[in-house]
Amino acid sequence: MHLYANDIFCHATGYTAEELKNMSVLDLVYQEDMEKAKEIIERVSKGEAVFDEIRYVTKDGRVRWVFGLYAPFHYRRKLYAVGNYVDITRIKRLEEKIADSEKFYRMLVDNSLAGIYIIQKGKYVFLNRAAALGAGYSQEEMLGMDPFQIIHPEDRERIYTNYLQREKGIRTEEAHNSWRIVRKDGKIRWVLARARNIVYKGEPAVYVTTIDATELFEANEELKRKNEYLSLLSKLLRHDILNDLAVVRGAIEIKDEEMALQRIDKIVEKIYDIKSLEEASGRLKIVNVADIVNNIVEKYGNQAIFSLNIKEAFVEANEALKSVVDNIVGNAIIHSQVSPVQITINLFTEGNECVLQIADNGIGIPDEIKSKIFETGFSRRGGGLGLFLVKKIVEMFGGRITVRDNVPKGALFEVRLPLKSKVKEQSS
């Protein structure tokens, strides 16, 4: 059943969101494509992402073609599927008219929103304006060009191998594929493509139709990232609050009312922090790491002696970065086993990275467990799962975290994140 449909999907099908919620996905499928639709559903239910085209019937009886990305994802241990569609009815009609008139064909092709080109003997021999525009070149520049030079290096060998198989006649069936291109201006875009073998001017060639699918791929990655993000929030909530509840229980048993009340206040504070993290929904923004460091230092100011050497550094993150700094500083205070604990924080930029170093003068971390402290399930008196979450959050922001010995003693955690410009924040 449909659990959600956006306004564009409702407009395209002619149904309201409420009507769609009472309909099966198969209720929209054109009868001749029913078996294909059932096969797609089965493949997605097995965890496979599927690219394919299919016909559906609108509420007023019109038959439309769409090219879709059907991707599975898990949320709260349940399997769901998300579908993203591009209407290709115009392209399908275009293909049907190719045989009718060369002149009419070229007019339609050149005005198509989809990129269409023909490769023969490893060169572009025909392409429409949309194909050239998508790559950032003129049609004149691309004619005769090696088409594989604009394909992203990580995808180039795979796509070139597919082309060679078609050129040699090993592959003859129509096929769908996706890859990245590097535009003339250096920007990277994703394309969805359909390729088929044809004869062009009496010789074998490959005919390709492409659609810019960057938004689809980015939306799918965002969905995966948010799903992982919400899972991390759940773990963070269980880990920190359960630890605090254990302390509250112990305080009640020894009748230490002040300790119990302090921990209850910490639980309330964590709940509000989690609420803020949930409201962020994983969305990233440009933040000043110096502001976060100052905030955490103010929070722990009476529990440690801080030495600060911080400069402004802007990264793309959200409220979860505060939890990263809080966790490292809090662990230093808890596990240092010295009084008073001295914490040194350095924040600077190095190349295109923001570097945050947090060091203490405690007993340090033994070499044999340094490689384990970021693993899930590892426990070092309450700090293990927290550091696992720290690592996952840092990686979500495109960074990395390491730990090493401080000099002359203690532990030093280093977080490196991609540096961003403050200008981006002001313009967004």
Labelled set (1) -0.37, -0.92; (2) -0.52, -0.98; (3) -0.48, -1.01; log10 I(q)/I(0) by the Debye sum over Cα atoms at q = 0.07, 0.11 Å⁻¹ computed from this model equals the value at (2)
Longest principal axis of the chain (C-alpha) makes with the long axis of helix 257-280 (C-alpha) an angle, in degrees to the nearest 10, of 20 degrees
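Taking the Cα centre as origin and putting +1 on Lys and Arg beta-carbons and -1 on Asp and Glu beta-carbons, what dipole magnitude results for the chain, to the nearest 20 debye? Mind showing how you got there, number by number?
On the way: 63 positive and 63 negative charges, 129 e Å.
Rounded to the nearest 20 debye, it is 620 debye.
Could you order peptides 303-313, 250-260 by the average number of other Cβ atoms within 10 Å of their residues, highest first?
Per-residue Cβ counts within 10 Å, averaged per peptide and sorted highest first, yield 303-313, 250-260.
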Note on the chain: contact order normalised by length, alpha-carbon pairs under 8 Å, 6 or more apart, percent, works out to 8 percent
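Mind running the shape call on region 284-428? Use the C-alpha gyration tensor, a ≥ b ≥ c as the square roots of the eigenvalues: rounded below 1.5 for a/c, prolate if a/b tops b/c, oblate otherwise.
On the way: a/c = 1.90, a/b = 1.46, b/c = 1.30.
Prolate is the answer for region 284-428, as a/c is 1.5 or above and a/b outweighs b/c.
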Taking the alpha-carbon centre of each part, the distance from region 330-346 to region 27-63 in Å is 59 Å
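Report relative contact order for region 91-212 in percent, whole number only (criteria: Cα-Cα under 8 Å, sequence separation at least 6). Display every interim value, and only then the final one.
Values: 205 pairs, mean separation 27.9, N = 122.
Across region 91-212, relative contact order equals 23 percent.
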When TYR80, TYR117 are arranged by how many other beta-carbons sit within 10 Å of their Cβ, fewest first, they go TYR80, TYR117
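How would you rank 197-209, 288-300, highest first, on the average number of other Cβ atoms within 10 Å across their residues? Could the numbers behind the result be given before it?
Values: 197-209: 15.3, 288-300: 16.8.
Going from most to least packed, we get 288-300, 197-209.
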Taking the chain and counting helices only, DSSP H stretches of n ≥ 4 at -39,500 (n - 2.57) each over all residues, the nearest-500 ellipticity at 222 nm comes to -13000 deg cm²/dmol
Projected onto the charge dipole of region 114-174 (unit charges on the beta-carbon of Lys, Arg, Asp and Glu, signs +1, +1, -1, -1), the Cα from ILE119, ILE159, TYR137 with the largest positive-side position is that of ILE119
Checked against the positive end of the charge dipole of the chain (+1 on Cβ of Lys and Arg, -1 on Cβ of Asp and Glu, about the Cα centre), the farthest of GLY169, VAL182, LEU79 is GLY169
Rg (one decimal) and Dmax (whole number) from the Cα set of region 7-85, in Å, equal 12.7, 38
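Of the listed peptides 50-56, 6-12, what is their order by residue-averaged count of other C-beta atoms within 10 Å, with the highest listed first? Walk me through the intermediate numbers first.
Values: 50-56: 18.3, 6-12: 12.6.
Per-residue Cβ counts within 10 Å, averaged per peptide and sorted highest first, yield 50-56, 6-12.
Every number in this text was worked out from the coordinates using simple rules, so none of it is lab data. From a predicted model like this one, the values you see are computed outputs, not experimental measurements. All Cβ positions, glycine included, derive from the backbone under ideal geometry; neighbour counts span all protein chains shown.
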